[in-house]
Number of protein chains: 2
Amino acid sequence: MIFKQAPEPTIGRLAIYLRALRTILDSGVSTVSSADIEKITGINSGQVRKDLSYFGEFGRPGRGYSVEPLVNKLAGILGLHEKQKVMIVGAGNLGTALVGYTGFSNSDFELAAIYDNNFNKIGRSLWHLEILDIENMPSINREMNVNVGIITTPGTAAQYAADKMFESGVKVIMNFAPARINVPENVTVRNVDLTQELQILCYYMPKEEIVEIK
Amino acid sequence: MIFKQAPEPTIGRLAIYLRALRTILDSGVSTVSSADIEKITGINSGQVRKDLSYFGEFGRPGRGYSVEPLVNKLAGILGLHEKQKVMIVGAGNLGTALVGYTGFSNSDFELAAIYDNNFNKIGRSLWHLEILDIENMPSINREMNVNVGIITTPGTAAQYAADKMFESGVKVIMNFAPARINVPENVTVRNVDLTQELQILCYYMPKEEIVEIK
């Protein structure tokens with residue numbers, strides 16, 4: 001793909017720009033400068049211009065960006081032209097928390113299905129969804145066409161959940177299970193490693209003694 | 001602090017290096033090259049050398065790095081010389097999931113306390129912990145001395161949870177609630193925005209039509 005070279009931090013910022021620009025669009029403003037985007041997002045205007053330049057020439061020097069076309073471009077780049085349906089495998093505490101996650105409303109995502117392998121859970125309701133049998137995922141997903149999967153199983157069940165997802169046509173997976181999973185080349189997995197996130201956070205903790213640099 | 005200038009992706013990779021080097025140390029190997037680190041982590045050896053160079057001269061050209069001192073240095077840089085105690089506010093589904101999260105065992109973190117404001121929950125057991133009253137946090141934490149906090153409340157309760165944490169001396173916070181929180185300057189907050197993580201992931205979804213670049 002022609003814009004695959006943009007580094008991942010750029011992609012993360014595109015998502016932030018998209019959110020900000022949608023707010024601007026809703027407020028009826030039609031043109032923004034990179035300085036305006038900086039004011040809203042806190043991201044340096046030079047960085048904004050550099051990030052957007054990976055994907056072509058959007059703005060005109062001295063005239064800024066037209067908001068609506070830019071929103072459409074960014075949504076297209078991120079694959080978010082329309083709401084993406086999401087499935088979860090694992091109806092435990094984390095899966096349950098995600099089904100109830102209020103951040104999904106007004107987002108680009110719609111939680112469409114939750115699967116489990118436990119017969120005590122299958123068929124029960126979880127908020128607005130019915131817990132489905134993971135064995136039926138390939139046939140159910142032929143109708144539903146969900147491309148985005150979230151794994152919230154225990155570590156030992158994660159690979160099986162992932163295998164079912166590949167079999168069912170899921171293309172990107174967010175893995176919360178504390179286990180690495182193997183995937184075919186055409187599937188992208190993002191491992192959410194909570195302890196690693198905490199390690200990064202601890203770097204920012206004020207340290208009582210300066211670590212000696214030799 | 002003298003090494004605050006390292007960019008955040010570097011900090012994220014330090015956590016990965018630390019994990020890899022601890023495994024190497026456990027296996028009894030005493031010296032590694034950046035190429036060895038590349039083999040284990042998949043991170044380019046040039047990047048490894050560059051990342052480590054932010055924090056001083058660890059290795060010797062042609063002789064590699066001594067594993068044990070490097071582990072100690074990285075742990076020191078990340079503030080992880082000893083296990084960090086963690087507290088959670090919010091004993092709902094997500095909080096419950098985190099208390100049961102198996103990724104904490106064998107990590108740098110120890111879950112020390114969970115708080116809630118719901119009298120139906122306070123006093124009840126959650127795995128190995130008793131749910132504590134958020135109003136008692138300042139006095140309890142004078143003894144416990146927990147520096148790392150995780151917020152898993154609904155969005156509307158997040159700021160109150162954060163305020164209690166500041167009052168109790170918590171220094172870094174991971175916020176899972178779908179709400180921004182205001183913090184004093186000496187506290188660092190990391191917002192975990194699930195929909196943004198999903199947006200990044202969707203970028204890697206194979207797209208049926210190439211987005212036109214004009």
Practice task
Please name which of A:177, B:34, A:88 has its Cα lying farthest along the dipole of the protein assembly as shown towards the positive end, using unit charges on Cβ (Lys, Arg +1; Asp, Glu -1) and the Cα centre as origin.
Solution key: B:34
Practice task
Would you give the gap between the C-alpha center of the range A:96-130 and the C-alpha center of the range B:57-99, rounded to a whole Å?
Solution key: 33 Å
Exercise for the section: List the trypsin sites (Lys or Arg not before Pro) within the range B:104-206 that fall in a DSSP loop (any state other than H, G, I, E or B) and whose Cβ has at most 10 other Cβ atoms within 10 Å. Expected result: none
Problem - Sorted by Cβ density within 10 Å, fewest first, the residues B:128, A:81 - result: B:128, A:81
Handout entry: Loop-resident sites, the range A:27-101, for GluC sites (Glu not before Pro), counting at most 15 other Cβ within 10 Å (DSSP)
Key = A:57, A:82
Problem - Surrounding net charge for residue B:184, when Lys and Arg each add one and Asp and Glu each subtract one, Cβ distance under 12 Å - result: -2
Handout entry: Shielding by other protein chains, B:97-104, mean Cβ within 10 Å
Key = 6
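Counting pairs of Cα atoms in the range B:8-77, how many percent are more than 22 Å apart? Before the final figure, lay out each step's value.
Numbers: 160 of 2415 pairs.
Summing the P(r) of the range B:8-77 above 22 Å gives 7 percent of all pairs.
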Completion exercise
Residues whose modelled amide H sits under 5 Å from the amide H of residue B:191, counting only those 5 or more places away in sequence or on another chain, are B:175
Problem - Inter-chain Cβ neighbour average for residues A:174-181, partner chain, 10 Å - result: 3
Completion exercise
Expected integer from the mean partner chain Cβ neighbour count at 10 Å over A:10-16 is 4
Exercise for the section: Please tell me the relative contact order of the range A:84-197 in percent, rounded to the nearest whole number, where contacts are Cα pairs under 8 Å and at least six residues apart. Expected result: 24 percent
Exercise for the section: Would you mind calculating the relative contact order of chain A from Cα pairs under 8 angstrom and at least 6 residues apart, reporting the percent as a whole number? Expected result: 13 percent
Fill in the blank from the handout: Assertion target for B:165, A:137, A:205, ordered by fewest C-beta neighbours within 10 angstrom first, is A:205, A:137, B:165
Handout entry: Label distances, nm, residue A:129 versus same residue in remaining copies, Cβ-directed 7 Å point
Key = 2.5
Exercise for the section: Treat every Asp and Glu Cβ in chain A as -1 and every Lys and Arg Cβ as +1, leave all other atoms uncharged, and give the resulting dipole magnitude about the Cα centre to the nearest 20 debye. Expected result: 520 debye
Exercise for the section: Mind pulling the angle between the C-alpha long axis of helix B:67-77 and the longest principal axis of chain B? Nearest 10 degrees, somewhere in 0 to 90. Expected result: 40 degrees
Completion exercise
In degrees rounded to 10, the 0-90 angle between helix A:194-203 Cα long axis and the longest Cα principal axis of chain A is 30 degrees
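Could you give the dipole magnitude of the range A:8-77 about its Cα centre, charging the beta-carbon of Lys and Arg +1 and that of Asp and Glu -1, in debye to the nearest 20?
80 debye
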Handout entry: DSSP-loop trypsin sites (Lys or Arg not before Pro) across the range B:71-105, with at most 14 other Cβ within 10 angstrom
Key = B:83
Exercise for the section: Provide an ascending nm list, one decimal, of label-point separations from residue B:180 to the equivalent residue in each further copy; define each label point as 7 Å from Cα along Cα→Cβ. Expected result: 3.8
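Kindly put A:134, B:122 in sequence by how many other C-beta atoms sit within 10 Å of each C-beta, fewest to most.
In order of increasing Cβ crowding within 10 Å: B:122, A:134.
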Problem - Among B:157, B:15, B:75, residue whose mean-square fluctuation peaks in a GNM of chain B (springs only between Cα atoms under 10 Å) - result: B:15
Practice task
Could you work out the relative contact order of the range A:8-77, using alpha carbon pairs under 8 angstrom and six or more residues apart, expressed as a whole percent?
Solution key: 40 percent
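A short reminder: the numbers here are calculations on the coordinates, not readings from a lab. For clarity, every value in this text was computed on a predicted model and none was experimentally measured. With ideal geometry, Cβ positions are generated from the backbone for all residues, glycine too; neighbour counts draw on all protein chains shown.
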